[in-house]
1. Read through the list (1) at pLDDT below 90; (2) surrounded by 14 or more Cβ atoms within 10 Å (Cβ to Cβ), then give the number of the only condition that ASN54 fails.
2. Any residue at all in the stretch 29-44 that is more than 17 Å from the chain's Cα centre (by Cα), at negative phi, in a loop (DSSP other than H, G, I, E, B) and in contact (Cβ under 8 Å) with a residue 60 or more places away in the chain?
3. Are any residues in the stretch 14-28 assigned to a loop (DSSP other than H, G, I, E, B) and not small (Gly, Ala, Ser), and if so, which ones?
4. Looking only at the stretch 61-95, count every residue that is basic (Lys, Arg) and either in a loop (DSSP other than H, G, I, E, B) or crowded, with 17+ Cβ neighbours inside 10 Å (or both) and tell me the total.
5. Being part of a helix (DSSP H, G or I), in contact (Cβ under 8 Å) with a residue 24 or more places away in the chain and more than 22 Å from the chain's Cα centre (by Cα) is the filter here; which residues of the stretch 312-350 pass it?
6. Of all strands (runs of 3 or more DSSP E) completely enclosed by the stretch 210-290, which ones contain at least 2 residues that are in contact (Cβ under 8 Å) with a residue 12 or more places away in the chain and under 17 Å from the mean Cα position of the chain (by Cα)?
7. Going by the structure shown, is GLY122 assigned to a loop (DSSP other than H, G, I, E, B), surrounded by fewer than 20 Cβ atoms within 10 Å (Cβ to Cβ) and touching a helix residue (DSSP H, G or I) at 6+ places or on another chain (Cβ under 8 Å)?
Amino acid sequence: MARNGQIMTKRTILYTSMNDLSMYGGMETMIPQEVRHLDSLGYDVHVVSAKPKNQSRLSDIEGVHEHHYPESFSRFPWLIKDMLSMIWICVFIRRRLRRTRLLTISFSVTDGAGVALARLLGGNIRMLLRIVGPLSYEVVHFVPEGKLRYEVYSRLFMLLEAFSYMVADRILPVSEFEEANIESYGISKDKVKLVRCGIDSQRFGMVQPTKLSGLPEGRDVVMFVGRFVEKNGPLVIASAVPKVIESHSGSAFVFVGDGVLRPRLETELAEYVSSGAVLFTGYRRDIPELLAQADVYAGHVSSLVEGLGQTVFEAMMSGLPVVVGDDAISRKIITDDVNGILVPKDDPLAVADSVIALLNDPSKREAIGRMARETAVTQLSFESMMTEMLHQV
C-alpha cells in the first residue's frame, strides 16, 4: 500500500494486456506511463503483453520485468488465441508469482479472465480491472453479420467479461460509456469507480514542437492522432479535408498513427498528399512534440464510439482547441465554444466548418485552447489519476 507517496510494504504489481506496447494507442500509452510512475515509487512491477513489433516502451525502465505471450498464439483464430492467452496468464501467475502478494491491473477481458481464474485457484491476488473499451462492444458492432463463429465469439466474450467483472475487487473504467456497460451486467455500483485517463501535464503542453519533414513552412496545422480504424473517425475527418483546404489555403492536415484504413485514406487524399497539404506520419513516439506544432485537433467524430479518448485529452493538455463529436458523455468534459467545439457525429461538413472558423480566428483559437488546457490540468491530470488509482489498492 502507498501512503503519502511512500511504500509501507513493498508490493508486486502485475500489469496484463493483450496489446503490443510498442504501438500507439490508449492502452499502449497509459500502461508504460503508469508503470514508470509505480517503478519510481519502488513497487516491484511485472508486465505481461503481446510481443512488441518495435522497441518496447518499457525497455528503458530498469527494474521492470517484461514478459510476453507466446508469439505462436497469433497464428490461431481469435477464439483459440484468446482462450490460450487466458490459460497462459493463469499458468504464468501460478508458476512465477504463486507465493507473491500480488496486485493485478488488467486491461482486457481475456487476460482479466486469466487473472480471475488464477485467483479462484488460490492465488493471493487483489484484482483491479482498468477497462479502456469493453470488448463485448467491439465484437457486437465490428464483426461481419451472419457469421456463426463471430456470434459464438461474441457470446464467449460476454461470458468472460462477466466472469472478470464478478471476480475483480475493483473495476476502474475510464469513461461513462464503459461504466454503463459494466453496470449492464448487474455489477454493484460500489465496485465500480470512474477513473479517467491521466495525462502528464509537464510532458504535454510544455515541450518544443517537432519539425515535420514534408510539411511546408507556415501552414496552419490540423492534426488527428490515433489508430486508423472507423470508430476513431479518420474517414469523417478525411472527408472534411477538401472544404478546409479550399477555404483556407494555408492549412494542412497531419494524420499521426496507422491502421487498416491507411491505404484507403491515402488513396482518397492522394492529390492533397502530393501537394503537401496532407501528411501521414505513421506511428510516432514524440506525440507531445507533434501536438506542439498543431493549431487545431480533430478526432472522435464517429457515431461508432461514445465519449472522448485519450488522444483528445492529450490535445487538450497541449493547449489545443479540439473539434470532437457531440454526445452526452463528451459534454461532461467539453463545453461547446468554451474549451472545445462539439459537432454532430459523422458530419464532415460540420467538422470542416468548425475547423475553418478556428483557423480564421486566431484569438478565438487561443482562448479555447487555453481553457482546454485548464480543464485538462484540473480534471484529467496523470497525478490525480494515479492518486485515485492507488486509493483503490
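1. Looking at each condition in turn, ASN54 falls short on (2).
2. No, the stretch 29-44 contains no residue that is more than 17 Å from the chain's Cα centre (by Cα), at negative phi, in a loop (DSSP other than H, G, I, E, B) and in contact (Cβ under 8 Å) with a residue 60 or more places away in the chain.
3. Once the filter is applied, which keeps residues that are assigned to a loop (DSSP other than H, G, I, E, B) and not small (Gly, Ala, Ser), the stretch 14-28 yields LEU21, MET23, TYR24.
4. 1
5. If the condition is that a residue be part of a helix (DSSP H, G or I), in contact (Cβ under 8 Å) with a residue 24 or more places away in the chain and more than 22 Å from the chain's Cα centre (by Cα), then PRO348, LEU349 are the ones that fit.
6. 220-225, 251-256
7. For GLY122, the condition - assigned to a loop (DSSP other than H, G, I, E, B), surrounded by fewer than 20 Cβ atoms within 10 Å (Cβ to Cβ) and touching a helix residue (DSSP H, G or I) at 6+ places or on another chain (Cβ under 8 Å) - is not met.
The values are calculated or read from the model by the stated rules, or taken from the named source; none is laboratory data. Just so you know, these numbers come straight off a predicted model, no measurement behind them. Every residue, glycine among them, receives a Cβ derived from its backbone with ideal geometry; neighbour counts consider all protein chains shown.
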